Every structure is written in structure tokens, then in C-alpha cells.
Amino acid sequence: MSWHWSLVKIQSPILEAQIPIAIRLSLVLLTLSVLAVGCEPKDVRPGLWLSGEEVSSPVENWQFTDEIDEVFIETRPWYGIPHSTTIWCVRVASDLYIGSYGEEKKYWEINILRDPRARIRIESKIYDVTITRLDDEVMYRAVSTAYRRKYDMATVFGKKIPPWSFYRVAQDGHKKPST
């Protein structure tokens, strides 16, 4: 069987109009700007790339996150386009932890299981990090207590607070996430 590909001319006054190169370029730049602004997560809507000032100096103590309710996490799915979302965080001692609730894994958790390297944006600063699941029972209880102290779980979830998984955030100042 032989296929013949041919171009089909669409008869439309809109499509046949000649658009000046300056207007085409402006439209492309406008589209890219809209995409860049619309790529970051907001509330429950996920996003793509995070933007901000990249921090390479090590963070000795994440205490500055105590007053911050949400941070942003950017993970790398198998198909290579970043996935970002908002997430809660707590500090225990000088370490930073993030959590996820419910029985089913969130998309960012699935990505972390495949590749633990990620980026975290706190306010306007971006940190290259490695995320590891917290399996130590003593630390799990400490992080869970810190979460309940920082966030009003009953207001958010009602009487039935779902089970949580917690993850430690370790800064990787020199490593870049996989692409």
C-alpha cells in the first residue's frame, strides 16, 4: 500500500492573510511570556518549571521556614518535563521535612521514588535538594507532631485526619536534578 502525502490548501481569508514578521514575533513572545507565568503551581493547580533565585550556599538551619505555610516542589517525571506543586513543610531540629496525606501516592511522590533529586522554592529562592522517605519511627512521630502543631489538621480535614507520609529534604547545592 502506498501513501501519497500532499499539502491541502485551506480556503480561509483568516489563514491566507499575510501576517507581518514583527507581529508574528510579538505573538510568539507573548505566548512564551504567558506560558512562563502560567507554569508555576498555585493552590491545588500543578505547574511546570519553578523560577527564582538559585541558592548554592548550604542551609545550616531551615528555621526560616517556620512561618511559611507552603513551599513549592519541582520533580522530574520520566518524560522529562518538570512537575511542580505546592506542599506543606516543617522544620524539626535543623532539618526540613515535607509531607503527603492519603493512601494513594501523589504525583510528586511517584517522581521522587524514581529520582529523589528535586528543586524546592521557598519564597523566591530555589534550592536543589534530595528527597528521601522518612522510615524512622521516632523521627516520624516528631515530624507528625510538628505538622499538627504548625497546621490545623482538624480545620483542613475534619474529624478524620488521613494517614501521612513524610520526607526529609537534604540540600544538594552542587547537584542538578535529572532532566
For this session: Report yes if some residue within the range 37-54 is modelled with pLDDT of 85 or more and either over 22 Å from Val156 (Cβ atoms) or charged (D, E, K, R) (or both); otherwise report no.
Result: yes
Problem set entry | Pairs with Cβ under 9 Å, 6+ apart, first in the range 53-76 and within 14 Å of Ile120 (Cβ to Cβ), second in a loop (DSSP other than H, G, I, E, B) and of a type in the set (A, V, I, L, M, F, W, C) | Phe72/Leu50; Ile73/Leu50; Glu74/Leu48; Glu74/Trp49; Glu74/Leu50
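Okay, residues lined up against (1) without any contact (Cβ under 8 Å) to a residue 12 or more places away in the chain; (2) in contact with a Lys or Arg (Cβ under 9 Å, 6 or more places away or on another chain); (3) crowded, with 17+ Cβ neighbours inside 10 Å:
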residue	(1), (2), (3)
Gly102	no, no, no
Trp108	no, no, yes
Lys125	no, no, no
Arg133	no, yes, no
Glu137	yes, no, no
Tyr140	no, no, no
Pro162	no, no, no
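The values are calculated or read from the model by the stated rules, or taken from the named source; none is laboratory data. Keep in mind that what you see is a predicted model, and the values were worked out from it rather than measured. Every residue, glycine as well, gets a Cβ built from its backbone with ideal geometry; the counts of neighbours run over all protein chains shown.
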